[in-house]
Structure formats: structure tokens, C-alpha cells
Amino acid sequence: CGSLIIEIQNRRFDFSPFIYGATINSKTAAEMEIIDLASVKRILFIENKANYLDYINKRKPDELIVYHGGFYSPVKGNFFRKLHHAGINAGVKFLHWSDIDLGGFHIFVRLRENIIPELEPYLMDEEAFALKAQMGMSFDDRYALLLEELLKKPEYKIFHPVVKLMLEKRLRIEQEVFIY
């Protein structure tokens, strides 16, 4: 959802009129070329569909919102590479929003390491955690050990402060709680 202009089979398409979002199927994603990001200043990847649908109703005109849907497939990965290339050329800021949990951290790190090195987390820090901690979900010792392992991995350094808070409070936060 946002200002995206593509070209496919020598025809241009402007997605900006689709204020409630649009779907790009895999064949289109593979064949298309991103021509312009128009007025886009930031691209926000959102992992959860409910949050995507809620967010597009609040988005700013200079945002392109991309529903991520968990771990990306090879086709989505190629589409994300095209967005990254176009965004870098346009000076766009890249953000990603997932659950404040193991899965969310893994999704973020995979996207950052493989496609978008400039990627920054959105609502995945200590402040966001504290804001929604009352709606957090508890976890067991096994989960805590897996979180502790992240503290030993430099690629997860951006999440170390929130991971320490999660371990202290024994809570993880689902992205959907930000809708309420």
C-alpha cells in the first residue's frame, strides 16, 4: 500500500490509488521492474496481516507498507530485493515490524542479513515492550534458554536490550496487541 510505480510488459502501473492495499502475485513480482517510489520516504515491512490491514488506515502519504507474512519465500525475497534497490536509489528508510519474540527476531535478522542491511526494527524495542507488557504472554524455561542464546549472537545485538527485558519479565509480545 503506497506510492509504487512498476512496469511490466512495457506497461506502467501506479499503485497509489489503491488506498486499501493491493496484491502483487508471484509472476508479476518476478517480471516487474520498479520504476518509481514517487514520494516514498520509508518502506515498512509488516509481518502480521491484521497489523498490516490496521496500519494502512493510519499510514502517512510518504510510506510504502508491505505485508511480509512471516519468513519470506524466494519469490518474495526477489521482490524485496527490487524494493531495496529502488529504495536505496531514492534514499528511503527501511523498517520491519514483527512480534517481540524469537520468531520476530529471526524474521528481522534474515531479512537484514540477506536483503536489506539498513533495515531497522519498528515497535520491537524496550519502549514498545513496556507499552504492551500487560498484554504479554509468558514463556517457559526452554524458550528462555533460546532467548539467552540470542545474547551471544552479534547479528541480534540490536535486540539485546529488549531480550534482557523479556527474560527479566518472562514475557513475549504478539504484534496484534498494538492494534488495541
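The values are calculated or read from the model by the stated rules, or taken from the named source; none is laboratory data. Values in this document were obtained by computation on a predicted structure and should not be read as measured data. A quick note on method: Cβ atoms are made from the backbone with ideal geometry, for glycine too, and the neighbour counts reach across all protein chains shown. Accessible surface is based on the protein model in full, side chains and every heavy atom, while ligands, DNA and RNA are left aside. Shrake-Rupley method; radii C 1.70, N 1.55, O 1.52, S 1.80 Å.
The figures follow:
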item: Selection from segment 36-51 of residues that are surrounded by fewer than 17 Cβ atoms within 10 Å (Cβ to Cβ) and either within 20 Å of S98 (Cα to Cα) or at pLDDT 95 or above (or both); result: K41, K49, A50
item: From H96, H84, residue being part of a strand (DSSP E or B), buried (at least 19 other Cβ atoms within 10 Å of the Cβ) and at negative phi; result: H96
item: Search result, residues across segment 134-177 that are part of a helix (DSSP H, G or I), in contact (Cβ under 8 Å) with a residue 40 or more places away in the chain, open to solvent by less than 30 Å² (accessible area, probe 1.4 Å) and over 22 Å from E113 (Cβ atoms); result: V177
item: Check on G104, within 14 Å of the chain's Cα centre (by Cα) and at positive phi; result: no
item: Close pairs from segment 85-96: first more than 8 Å from E120 (Cα to Cα), partner outside any strand (DSSP E or B), Cβ under 7 Å, at least 6 apart; result: A86/L37; G87/L37; A90/L37; A90/V40; V92/L37; V92/V40; V92/K41; K93/K41
item: Residue satisfying all of: in segment 99-133; outside any helix (DSSP H, G or I) and over 24 Å from R59 (Cβ atoms); least open to solvent (accessible area, probe 1.4 Å) among these; result: D101
